[in-house]
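Before any comments, here is the structure.
Derivation of every value follows stated rules applied to the coordinates shown; laboratory data play no part. Nothing here was measured: the structure is a model prediction, and the numbers come from that model. When we count neighbours, we look across all protein chains shown, and the Cβ atoms used for this are built from the backbone with ideal geometry, even at glycine.
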Amino acid sequence: MLVIRDIENIKNKWKDCILTIGNFDGVHLGHKFLLNFITKQKILYNKPVVLLLFEPQPLELLRPDASPPRLTKLREKIRHLSLWNIDTIICLRFNKHFSLLHPNQFISDILVEKLKVKILIIGNDFRFGKNRMGNVSLLREKGKIYNFHVIVPNTYCKNNKKISSTAIRNALSKNNFSLAQSLLGYPFSISGKVIHGRKKGRKIGFPTANISLSQYISPVTGVFAVKIPKLLTKYIYGIANIGIKPSFSNQLQQLEVHLFDITIDLYTQNIEVILCKKIRDEKTFSSIEELKKQISKDILIVRNYFAIHYKT
């Protein structure tokens, strides 16, 4: 699978393609239903599959105050998508100029001229172009002119409800991680590289691994029971804090994990932190001693949740 950041780099062998467009945030079961459908079309028509993403996601640029947190970083999104039979992912830079592109121009310049799309597979609620004026009807109309076919697969539902990134965020906000997992098709997690922090946790007796979130904003904050995959089905268990650590006057959101009963050097490693249960919200403490007492209580709760006991 090829990942490119500029549509000008698209290779001739990927033209006359099967194309799909979307955010694919979370790459959940609804997305996987669509990807499975696309894989079947690839076999049927013997054409390369191209998936078009926008970076940043349109709402993040146009209405950042109304843009919800992502379920997955771009890197993790691509990792999930790489499991499917996709030939190329194009991460098209979305900017003000592009947002003003008329739907007709998007079709003629991008879909037809650049990609020479033959089959376009999209959801029935797909909107595009300036002021989101473009829709499925326009695409079908232009498809007759430019000789490409538009396919709108049935929407995948679970318990008669459409699966969406919004539904998953709602489940996470209600601490319903089992529901989120059933909609995603995998446990919700946050991944990143372990970096050097300010060593605050070590100084108070609870050393932590600091995971870089970069520009990613987590859809959940607070204190969580977590596990980190290790050696196939085995896990390392621990407790994590996601937030700004108000007791230490931080400004940027951070993810810190305190691991149980293990000493391991994780610096510079990329790790996946699976969130299992929320223990409490983040809060400010009046003293370090008060903070230490609360952390000890939190750790006991998490150990009981995982049925892990203190070593004797």
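Odds and ends about this structure:
- Cα long-axis angle, helix 136-146 against the chain (0 to 90 degrees, to the nearest 10): 40
- When each of LYS32/LYS114; LYS15/LYS47; LYS15/LYS142; LYS15/LYS118; LYS32/LYS142; LYS158/LYS230 is checked by Cα-Cα distance, pairs over 20 Å: LYS32/LYS114; LYS32/LYS142; LYS158/LYS230
- Per-residue [θ]222 nm for the chain (sum of -39500 (n - 2.57) over DSSP H runs n ≥ 4, rounded to 500): -8000 deg cm²/dmol
- Relative to the dominant Cα principal axis of the chain, helix 29-45 is inclined by about 40°.
- Relative to the longest principal axis of the Cα atoms of the chain, the long axis of helix 288-306 makes an angle of roughly 70 degrees.
- Within the shell defined by Cβ-Cβ distances under 10 Å, the residues around SER165 carry a net charge of +1, with Lys and Arg each +1 and Asp and Glu each -1.
- At R0 = 25 Å, FRET efficiency that the Cβ-Cβ distance of SER296 and ASN175 yields, to 0.05: 0.70
- Ranked by how many other beta carbons lie within 10 Å on average, peptides 224-230, 186-192, 133-139, 25-31 from highest: 25-31, 224-230, 186-192, 133-139
- Exposure proxy shown here: for LEU179, LEU100, LEU52, the number of other Cβ atoms within 10 Å sets the order, fewest to most, as LEU100, LEU179, LEU52.
- Other-chain or far-sequence residues with amide H under 5 Å of TYR235's (modelled H): LYS230
- Inter-label distance for LEU2 and GLU282, nm, one decimal - labels placed 7 Å from Cα along Cα-to-Cβ: 4.2
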